[in-house]
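Enquirer: What follows is a structure written as structure tokens; I'll ask about it next.
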Amino acid sequence: MTTFLSEAEDAKRLRIVAALILDTEGKTLLVRKRGTTAFMQAGGKPVEGESSLSALDRELTEELGCGLDRQSCQSLGTYRAPAVNEPGWTVEAELYAVSLLGEARPSGEIEETIWIDPETHSGVELAALTTAHVLPIARRLSQLRRAAAGCAS
């Protein structure tokens, strides 16, 4: 379903590319920016002329000190939600399921990283995009991986 935004809404939209990173146990990696309280996906804004995957690779290097395994990237679609750190703005995220090259460590603007279980994440303040869209997708992907692993046994 296509949603059309008014000119005013479109002007207050932050376009980003974001990573859904799952470990082998089905936990997803979230980041918290310095000076903020809510956790969200790693990622950020592409610069002029930069492809989505190039932007995501750059952002993961800057934020997590690791690379993006480009062969692992799977487009999951584009999602919108209220921006957690910019009141009155909407974030529009092009979301990718990805694997990392190297170990993720907070770097640059990122103060903290955590791995959470998408099923039981209570007690953690999350961005609206993460709650409304990313965690439900993470749950489905984890279930599919478990089912595939069960079939392979």
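The values are calculated or read from the model by the stated rules, or taken from the named source; none is laboratory data. Note that the structure is a prediction, hence the values are computed from the model and not measured. Because the Cβ atoms are built from the backbone with ideal geometry, glycine has one as well, and the counts that use them run over all protein chains shown. Heavy atoms of the whole protein, side chains included, go into the accessibility calculation; ligands, DNA and RNA do not. Shrake-Rupley method; radii C 1.70, N 1.55, O 1.52, S 1.80 Å.
Enquirer: What single numbered condition from (1) crowded, with 17+ Cβ neighbours inside 10 Å; (2) within 20 Å of ALA128 (Cβ to Cβ); (3) over 13 Å from the mean Cα position of the chain (by Cα) fails to hold for PRO82?
Expert: Failing condition for PRO82: (1).
Enquirer: Another question, then. Return the residue satisfying two criteria in turn: it lies in the stretch 94-126 and is under 19 Å from THR36 (Cα atoms) and of a type in the set (A, V, I, L, M), and of such residues it is farthest from the chain's Cα centre (by Cα). Full working, then the answer.
Expert: Taking the stretch 94-126 first, the residues under 19 Å from THR36 (Cα atoms) are 105-116, 121-126.
Narrowing the set further to residues that are of a type in the set (A, V, I, L, M) leaves 110, 114, 116, 124, 126.
Details: ILE110: 14, ILE114: 13, ILE116: 13, VAL124: 16, LEU126: 12 Å.
In this case the residue turns out to be VAL124.
Enquirer: Further, regarding this structure: Which of the residues belonging to the stretch 48-102 are touching a residue at least 60 places away in the same chain (Cβ under 8 Å), hydrophobic (A, V, I, L, M, F, W, C) and closer than 21 Å to THR113 by Cα?
Expert: Start the filter on the stretch 48-102 by keeping residues that are touching a residue at least 60 places away in the same chain (Cβ under 8 Å), which leaves 76, 80, 83, 86, 88-100.
Retained after the next criterion (residues that are hydrophobic (A, V, I, L, M, F, W, C)): 76, 83, 89, 91, 93, 95, 97-98, 100.
ALA83, VAL91, ALA93, LEU95, ALA97, VAL98, LEU100 - these are the residues of the stretch 48-102 that are touching a residue at least 60 places away in the same chain (Cβ under 8 Å), hydrophobic (A, V, I, L, M, F, W, C) and closer than 21 Å to THR113 by Cα.
Enquirer: Six or more apart or on different chains, Cβ under 6 Å: which pairs go from a residue in the stretch 127-138 that's under 20 Å from THR36 (Cα atoms) to one that's of a type outside the set (A, V, I, L, M, F, W, C) and surrounded by fewer than 16 Cβ atoms within 10 Å (Cβ to Cβ)? Could you list them?
Expert: As it stands, the answer is ALA128/PRO82, since those pairs meet every condition given.
Enquirer: Still on this structure, I have one more. If you take the residues in the stretch 114-153 that are hydroxyl-bearing (Ser, Thr, Tyr) and exposed (fewer than 12 other Cβ atoms within 10 Å of the Cβ), which one is modelled with the highest pLDDT?
Expert: Just the residues of the stretch 114-153 that are hydroxyl-bearing (Ser, Thr, Tyr), to begin with: 120, 122, 130-131, 142, 153.
Going one step further and asking which of them are exposed (fewer than 12 other Cβ atoms within 10 Å of the Cβ), we end up with 120, 122, 153.
Numbers: THR120: 87, SER122: 78, SER153: 54.
Ranking the qualifying residues of the stretch 114-153, first place goes to THR120.
Enquirer: Suppose we filter SER99, SER107 for residues that are among the hydroxyl-bearing types (Ser, Thr, Tyr) and in a loop (DSSP other than H, G, I, E, B); which single one remains? If you could, list the steps in order and put the result at the bottom.
Expert: Numbers: SER99 fails: in a loop (DSSP other than H, G, I, E, B).
Only one candidate passes the filter, namely SER107.
Enquirer: Scanning for something aliphatic (A, V, I, L, M), open to solvent by 60 Å² or more (accessible area, probe 1.4 Å) and touching a Leu at 6+ places or on another chain (Cβ under 8 Å), does the stretch 89-106 turn up at least one residue?
Expert: Of the stretch 89-106, the ones aliphatic (A, V, I, L, M) are 91, 93, 95, 97-98, 100-101, 104.
Checking the rest, the ones that are also open to solvent by 60 Å² or more (accessible area, probe 1.4 Å) come to 101.
Next, only the ones that are touching a Leu at 6+ places or on another chain (Cβ under 8 Å) stay: 101.
There is at least one residue in the stretch 89-106 that is aliphatic (A, V, I, L, M), open to solvent by 60 Å² or more (accessible area, probe 1.4 Å) and touching a Leu at 6+ places or on another chain (Cβ under 8 Å).
Enquirer: Exactly one condition in (1) under 15 Å from ALA127 (Cβ atoms); (2) modelled with pLDDT under 95; (3) in contact with a Leu (Cβ under 8 Å, 6 or more places away or on another chain) is false for ASN85; which is it?
Expert: Exception for ASN85: condition (3).
Enquirer: Right, something else. Restricting attention to the stretch 45-66, does a residue exist that is within 16 Å of LEU22 (Cβ to Cβ), surrounded by 13 or more Cβ atoms within 10 Å (Cβ to Cβ) and over 13 Å from the mean Cα position of the chain (by Cα)? I'd like the intermediate steps shown before the answer.
Expert: Step one: filter the stretch 45-66 for residues within 16 Å of LEU22 (Cβ to Cβ), giving 56, 60, 64, 66.
Remaining after also requiring surrounded by 13 or more Cβ atoms within 10 Å (Cβ to Cβ): 56, 60, 64, 66.
With over 13 Å from the mean Cα position of the chain (by Cα) added as a condition, the list becomes 66.
The answer is yes; a qualifying residue exists.
Enquirer: Quick one: in the stretch 11-44, which of the residues that are open to solvent by 60 Å² or more (accessible area, probe 1.4 Å) and closer than 14 Å to ASP117 by Cβ is nearest to the chain's Cα centre (by Cα)?
Expert: Residue satisfying both the conditions and the ranking: LYS27.
Enquirer: Within the stretch 121-153, how many residues are farther than 17 Å from VAL31 by Cα and in a loop (DSSP other than H, G, I, E, B)? Write out each step before concluding.
Expert: So in the stretch 121-153, the residues farther than 17 Å from VAL31 by Cα come out as 136-137, 139-153.
Now restrict to residues that are in a loop (DSSP other than H, G, I, E, B): 153.
Summing the residues that are farther than 17 Å from VAL31 by Cα and in a loop (DSSP other than H, G, I, E, B) in the stretch 121-153 gives 1.
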